[in-house]
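Everything on this sheet refers to the single structure shown next.
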Amino acid sequence: MAKAEHHDSVRSWVVWIVSITAYLIAVTQRTSFGVAGLEATDRFDASASILATFSVVQLVVYAGLQIPVGILVDRWGPRAMITGGAALMMVGQLLLAMADSVGAGLVGRFFVGAGDAMTFVSVIRLLPIWFSGYRIPMLTQATGMVGQLGQLLSLIPFVALLHAWSWTPAFLSLAALSVLGFVLALVLISNGPLSNEVPPAPARARVLLSNAWREPGTRLGFWTHFTTQFTTNVFLLTWGYPFLVSGQGVSPATASGLLSIFVLVALVAGPVLGSAVARHPHRRSAIAFNVIGAIALSWLVVLLWPGQAPMWLLVVLIVCVALGGPASMIAFDFARTFNPSHVIGTATGIVNVGGFLAALVTVYVVGWLLDLQQKAAGSGAELYSLDAFRWALSFQFLVLFGGVIGMVITRNKARRNMAARGDYTPRSARGLSGRTEIE
Ligand SMILES: N[C@@H](Cc1c[nH]cn1)C(=O)NCC(=O)O
């Protein structure tokens, strides 16, 4: 991509810092309900499955809105979407602060999920508007990394407020945080001189969607996100904690400590993967395949380990699974480099569905397989036994395998298209031709 005058300017950095602040606030809102589980059980007089419904509603809303959001980013620009997202999250947290029934709480969580869904894709869309191409892989990673810190904001100051001030004031303070995000985004984010650079976006959503989907590079991004990210989500959102505590016999405090490795790995691996992608853009899918191989191998060893796995092996597993988060950012690089700028938002939305869709299916099937084994073993059988987890979590291999097949097929299609345009040769794939923007 040619470097425009406004690229990498002071204004670019201001826009980026404000947009990643908006994303960090969105991740804080996203993860806040999870850390308030015990208080929510009391407040709503809810069972474990009702509590799980809150997470599922939020995930379904998030994943379901990615494509509409991507299309709207291309039509309205990222600024309107980021400010709109902050406003929705503010409404959602206000509703949740006041809610005293499950129904009212779910409506609040719906708004939070919708606002959250509008933020990430818009922030990623701002990067090629404001920065030159060689910086973007690193900034994409940095965006993902900073967002993960939102989990820490939920875990430390929000939990402290919840304990010190109780439910309503704690959730009101989260609504106030979104007001801050709204004002900052409204005043400081700009869509840039987009109109001078790109043809106007096609008016019809269907055209945007079909343009983005027809590009094999978008589908390569979708499958890359699908395969790299879902094990991270499955572990963090649902099954990691019960697997560690009930399956592997780890204490709850140690399990929480192990889960915090995810944030650490995101912080360390993000810059390493970002600079690898920037230096070897022709090796992007190879980097993703290596991470997927590490995830599959570590799960295989842990699930086949006779008895409970030693602590060092659990740490290795978590480090490998956590690598999936930063590796999934490679998928957005595919969306950006394979598509013309007026469909990048739509393509990014399509890509971002991948990991969340795979996680939703896996979370559900793993739960179903655990239930099935308990029923088959007869009354009194343990639900979360290590053997039951071995079989249930093995479902992940099927999803990994399906994702890899999707990646290989779409990568071959992308290469064929590029070869037909004269942009790809086996030599360029080995990085010998000096070409950059290929997979
Ligand atoms: N892969 C994640 C973000 C990430 C980066 N490093 C670790 N995780 C992703 O796709 N995020 C989308 C979102 O909305 O957060």
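The values are calculated or read from the model by the stated rules, or taken from the named source; none is laboratory data. Just so you know, these numbers come straight off a predicted model, no measurement behind them. As a convention, Cβ positions derive from the backbone with ideal geometry for all residues, glycine included, and neighbour counts pool all protein chains shown. Please note that ligands, DNA and RNA were not included when accessible areas were found on the heavy atoms of the full protein model with its side chains. Shrake-Rupley method; radii C 1.70, N 1.55, O 1.52, S 1.80 Å.
Post the alpha-carbon centroid distance, segment 119-141 to segment 312-331, in whole angstrom.
23
Taking only protein heavy atoms and a 1.4 Å probe, what accessible area per residue, in Å², does segment 134-179 have with all protein chains in place?
42
Taking only C-alpha pairs under 8 Å that are 6+ residues apart, what is the relative contact order of segment 221-376 in percent?
47
Could you calculate the FRET efficiency of residue 149 with residue 50 from 1/(1 + (r/R0)^6), where r is the beta carbon distance between them and R0 is 22 Å, rounded to 0.05?
Once rounded, the FRET efficiency stands at 0.15.
Which FRET efficiency, nearest 0.05, do residue 180 and residue 417 yield, Cβ-Cβ r, R0 41 Å?
0.40
Which of 378, 84, 325 ends up with the largest GNM mean-square fluctuation for the chain, with Cα atoms connected below 10 Å?
Greatest mean-square fluctuation among the candidates belongs to 378.
Contour minus end-to-end for residue 261 and residue 275, with contour as 0.36 nm per residue of separation and end-to-end as the Cα-Cα distance? Don't skip to the end; give the middle numbers.
Working: separation 14, 0.36 × 14 = 5.04 nm, distance 2.15 nm.
Taking 0.36 nm per residue and subtracting the Cα distance, the gain is 2.9 nm.
Express the accessible area of segment 203-439 per residue in Å², computed with a 1.4 Å probe while the remaining protein chains stay in the model.
On a per-residue basis, 41 Å².
If you roll a 1.4 Å probe over segment 203-439 with all protein chains in place, what percent of the accessible area is carbon or sulfur? All intermediate terms of the calculation are to be shown ahead of the outcome.
Numbers: 6490 of 9740 Å².
Carbon with sulfur: 67 percent of the solvent-accessible area.
Given a 1.4 angstrom probe, I'd like the percentage of the accessible area of segment 1-140 that is carbon and sulfur, rounded to a whole number. Could you put the intermediate results ahead of the total?
Working: 3580 of 5130 Å².
Carbon and sulfur together cover 70 percent of it.
Relative contact order, percent, of the chain when contacts are C-alpha pairs under 8 Å separated by at least 6 residues?
Across the chain, relative contact order equals 23 percent.
How large is log10 of I(q)/I(0) for the chain at q = 0.07, 0.12, 0.13 Å⁻¹ when the intensity is taken from the Debye formula with one equal scatterer per alpha-carbon?
Taking Cα atoms of the chain as identical point scatterers yields -0.34, -1.01, -1.17.
Using 13 Å as the cut-off for backbone N distance, which residues of segment 385-422 belong to the label zone defined by a point 7 Å from the Cα of residue 361 along Cα→Cβ?
395-407
Tell me the mean residue ellipticity at 222 nm calculated for the chain from its helices only (DSSP H runs of n ≥ 4, each -39500 (n - 2.57), averaged over every residue, nearest 500).
My calculation for the chain gives -26000 deg cm²/dmol from helical runs alone.
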